[in-house]
Amino acid sequence: MEKYDVIIIGGGPAGLTSGLYTARARIKTLLLEKGTPGGQASMTELIENYPGFPQGISGLDLMLNFQEQATRFGLEMRYQEVIEIGLDQVLKQVKTEENCYQARAVIISSGAAPRKLGITGEEQFTGRGVSYCATCDGAFFQDQTVAVVGGGDAAVEEAVYLTRFAQTVYLIHRRGALRAARVVQERAFNNPKIRFLWHTAVKEIQGKQKVEKLILENLQDNQISELNVNGVFIYIGVDPNTRFLQQRITLSPEGYIETNNQLETSVPGIFAAGDVRNKELRQVSTAVGDGALAALAVERYLAAETKI
Ligand code: NAP
C-alpha cells in the first residue's frame, strides 16, 4: 500500500494551496481529485474579487496557475475519486475505486457541489437544457431564451454572463429581493436582456427531447403559469461533498465539516479546508487562507507525532 505523510482530498483552491505549502515544505503529499482541477472555481467565467488581478481572471486560468505552481514544488496529483476514509488504524486509509493509500494526516478539501431543485424533469433534462454551469453550456443558447433560478451571487453573476449569448434571460427568484452583492445586482438591473420573475418557484421542467418550458408558481397568489425557455440554469446554492465520510467526523446540521481555528476536525490527524468546512464566507480568497492554515497545522501535527 502506498504511504504518504499527507493526502489532500480535492484539488480546488483550498486543496491546491495546501498542496503547494506541504510540497514546498518537503512533506510527502498526494492530492486526489475526482474531476477537473480547480473544482467549482474553474467553472466560473470571470473571478473579479480575487486580489492581484485588477481586470479579473478566468476561473479556469486562475486554477491552472494554482496547479502549475503547486506541481512545480513537487505536488503529486492523481485523478481518482475517494470513496471512503478508514480511521481505525494509526495510519489513515484513503480508499479510491482504484487504490487504497495510507497517510499520517489527511486534509479534506472536497468542496461543494451545486444543489438540485429536486423537481420533475430536472434529472431527465440535465445536459439537454438543464445546466449547473453557464461557463460550460452558455454558448449553446445563442439568440435563445433561458432562465436562471436563484438569487445569490452565482445566479445573478451567471445571468449577466448568459446575456452574451441568449436573447432573453429570465431570473427566477423565490423572494422579492436578491441575496447577491450590490455591485452584481446593479449590473443585472441595468441589463436590458434580463427579466426578473419575483416570488416565483419552478415546479416542473417540461419538454420532448430538450427543455421546452417551465411550470411556474407565483408564491404570493399561488397562480400557476408556463414559461417557454430553451434552457434553465440552476444556481440555488451548494451542498458539501462529504459522502465518503463516516459519521465519526463531526458535521454541522447542514453537513459541513466542523473545525477549530487550526482547521482540525473532531478526529486527530484529519483537517478540513475550503468550502466543505463550516464557515462564514465561501470564496477563492478564503479557501486559499484555509489551505495555507491546514498545511501549517499538518506540518505541526506530523512534527509532534514524530517526537512521540
Ligand atoms: P447562495 O448564496 O446560498 O444563494 C442561493 C440562492 O438560491 C438564494 O437566493 C436562495 O434564495 C436560492 N435558493 C436556495 N434554495 C432554493 C430552492 N430550493 N428553490 C429556489 N431557490 C432557492 O448560493 P450561491 O449563489 O451558489 O453561492 C454559494 C457561495 O459562493 C456563497 O457564499 C456566495 O457568496 C459564493 N459565491 C461568490 C461569488 C463571488 O463572490 N463572486 C460568486 C459565486 C458564488 P433565498 O435568497 O431566498 O435564500
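The values are calculated or read from the model by the stated rules, or taken from the named source; none is laboratory data. Just so you know, these numbers come straight off a predicted model, no measurement behind them. Note: ideal-geometry Cβ built from the backbone for every residue, glycine included; neighbour counts use all protein chains shown.
Annotations for the structure displayed:
- Search result, residues across the stretch 273-285 that are of a type outside the set (D, E, K, R), surrounded by 18 or more Cβ atoms within 10 Å (Cβ to Cβ) and more than 9 Å from the ligand (Cβ to nearest atom): 273, 274, 276
- Filtered residues of the stretch 129-139 (kept if more than 17 Å from residue 40 (Cβ to Cβ) and modelled with pLDDT under 95): 139
Listed here are the residues, each with its yes/no results for (1) within 12 Å of the ligand (Cβ to nearest atom); (2) at positive phi; (3) among the β-branched types (Val, Ile, Thr); (4) part of a loop (DSSP other than H, G, I, E, B).
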residue	(1), (2), (3), (4)
191	no, no, no, yes
205	no, no, yes, no
217	yes, no, no, no
227	no, no, no, no
261	no, no, no, yes
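- Verdict on residue 236 being in a strand (DSSP E or B), of a type outside the set (D, E, K, R) and within 14 Å of the ligand (Cβ to nearest atom): no
- Contacts under 6 angstrom Cβ, first residue in the stretch 111-122 being in contact (Cβ under 8 Å) with a residue 12 or more places away in the chain and near the ligand (Cβ under 8 Å from one of its atoms), partner in a loop (DSSP other than H, G, I, E, B) and of a type in the set (Val, Ile, Thr), 6 or more apart: 115/236
- Beta carbons closer than 7 Å, at least 6 apart along the sequence or on distinct chains, pair a first residue in the stretch 258-286 that is over 19 Å from residue 102 (Cα atoms) and assigned by TED's automatic domain parsing to the domain that holds residue 9 with a second that is of a type in the set (Ser, Thr, Tyr) and buried (at least 24 other Cβ atoms within 10 Å of the Cβ) for 273/18; 273/109; 274/109; 276/109; 276/110; 277/259.
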